[in-house]
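Each reported figure results from applying straightforward, stated rules to the coordinates on display, with no laboratory input. Bear in mind the structure is a predicted one, so any value in this text is a computation, not a measurement. Every residue, glycine among them, receives a Cβ derived from its backbone with ideal geometry; neighbour counts consider all protein chains shown.
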Amino acid sequence: MTDSLRHDPTGPVLITGGYGTVGAEIARMVAADAPTLLTGRTPERGRALAAELGGEVRAWDLGDPAPFRAGVRAVINSVNDPDDRVLRAAVTGGIPYVDITRWTARLQRAVTVAALLRPTAPVLLSSAWMGGVVSLVAAALAAELGGAERVEIAVRWDMADRAGADSVEFMDRLGLGFEVVDGGRRRLAAPLTDARTVLIDGTPVRVARIDTPEQFTLPLTLGTTTAATRLGFSSPAATRALLALRGTGFFRWAGGDRWAPARRALLHSPGEGGTALLRVDVSHRGRELGATVTDPRGQSHLTAVGALLGLRRVLGTDGSPAPQGVVFPEQHPEPAHAASLLAVHGVHLGVDRGEGRNGAACAAGDGAAA
């Protein structure tokens with residue numbers, strides 16, 4: 001027997017992992033617009049939240065073959081879906097679907113799976129950094145410039161912030177090369193290379209490249225000839241330690257499930273709360289725009305805001321018609337309007353006109369091989 005989701009326009013929004021660190025943030029936001037159905041492996045953990053929201057919680061363990069059935073208006077997937085169970089059930093049921101969890105290789109597979117199933121409802125693959133927020137901001141800047149030849153994203157990871165175990169899953173990819181587009185040419189990049197120091201909201205942050213889905217999608221959707229995402233930490237010592245570990249080859253020889261707890265423990269030390277902070281720089285035909293995104297409620301909240309904007313996108317309730325087929329967040333027909341909705345949820349978007357990348361980078365060429 002297989003999972004079966006039925007489209008019910010008056011039913012709840014199903015949120016997989018709906019009581020986790022990010023899922024709970026999503027659920028609280030969604031509950032203002034629609035009833036919620038929270039799912040996960042241990043539903044007893046979500047009962048208090050479901051009661052608070054007036055919703056429902058049910059067990060759906062994606063590692064358990066027991067089938068799951070429900071009638072829902074939309075699906076937000078906020079947990080890993082390694083066998084595409086949630087995706088397949090949503091697409092087969094003709095249900096609008098948002099996914100914020102996939103790293104690049106799994107996103108590429110999801111595009112293929114969804115295309116083969118021929119979706120009749122929108123499928124938004126919004127796994128770009130922070131639930132697709134970076135891609136949406138990049139698209140808004142590109143729309144103002146009339147294009148985007150270069151998109152550079154710099155993220156400061158706040159180590160004092162709340163974070164679930166899955167939030168540092170990118171640590172499992174740090175031993176694997178990934179394809180990027182630089183100067184219009186595709187090449188294989190190594191994680192934690194091409195390091196540089198970037199000014200993010202006036203603070204210098206050492207950042208280095210990691211594998212993120214927007215580096216795959218932006219060249220396809222916006223026609224960018226360079227797309228780069230780099231990550232650094234609020235603790236300079238943590239950044240230095242991670243770059244040093246990369247230099248020793250740790251992430252190559254400590255791959256696999258056996259070493260996963262050790263890899264993730266390097267960063268998974270959830271605090272009481274922090275600030276999500278990132279910068280997006282776009283250039284086109286000699287003109288540049290930069291934007292800083294700040295969420296004082298943290299990274300989980302910002303990711304949840306991205307998921308909520310995605311939900312409204314696939315439901316067609318954000319002022320633009322719902323898309324058709326498989327789409328990415330930067331393909332929004334009115335990206336500037338969509339990005340402006342960040343403010344409704346307490347997220348500040350500051351645009352630097354005339355400053356752009358030159359103002360964002362400090363000693364940008366230093367440490368290219370670091």
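Ordered by residue, what ³J(HN,Hα) values in Hz, to whole numbers, does region 176-191 give under the Karplus form 6.51 cos²θ - 1.76 cosθ + 1.60, where θ = phi - 60° and Gly and Pro are x?
After applying 6.51 cos²θ - 1.76 cosθ + 1.60, I find 10, x, 8, 7, 9, 10, 10, x, x, 10, 8, 8, 8, 10, 9, x Hz.
Highest GNM mean-square fluctuation, the chain, Cα pairs closer than 10 Å: which of G146, G20, G132?
G146
If packing is taken as the mean number of other Cβ atoms within 10 Å per residue, what is the order of 91-103, 191-203, 338-350, 116-128, highest first?
Output ranking for 91-103, 191-203, 338-350, 116-128: 91-103, 116-128, 191-203, 338-350.
When the distances between all Cα atoms of region 4-125 are binned every 10 Å from zero, what whole-number percent does each bin get?
Taking every Cα pair in region 4-125, the percentages come to 14, 49, 32, 4.
Relative to the longest principal Cα axis of the chain, at what angle does helix 21-30 sit, 0 to 90 degrees, rounded to 10?
The angle comes out at about 60 degrees.
Where does helix 104-117 land angle-wise versus the long Cα axis of the chain, in degrees 0 to 90, nearest 10?
Approximately 40 degrees, to the nearest ten.
If you compute Kirkwood radius over Cα pairs in Å for the structure shown, which of (1) 20.7; (2) 21.9; (3) 21.3 do you land on?
For Kirkwood radius over Cα pairs in Å, the calculated option is (1).
Suppose every K and R has +1 on its Cβ and every D and E has -1 on its Cβ; what is the size of the dipole of region 4-125 about the Cα centre, in Debye to the nearest 20?
My answer is approximately 240 debye.
Where does the chain land at 222 nm, in deg cm²/dmol rounded to the nearest 500, when only DSSP H runs of n ≥ 4 count, each adding -39500 (n - 2.57), divided by all residues?
Counting only the DSSP helices, I get -8500 deg cm²/dmol.
At 7 Å along Cα-to-Cβ for each site, give me the label-to-label distance between E52 and A32 in nm.
Each label point is offset 7 Å from its Cα along the Cβ direction, giving 1.5 nm.
Compute the angle between helix 133-145 and the longest alpha-carbon principal axis of the chain, please, reported from 0 to 90 degrees and rounded to the nearest 10.
Around 60 degrees separate the two axes.
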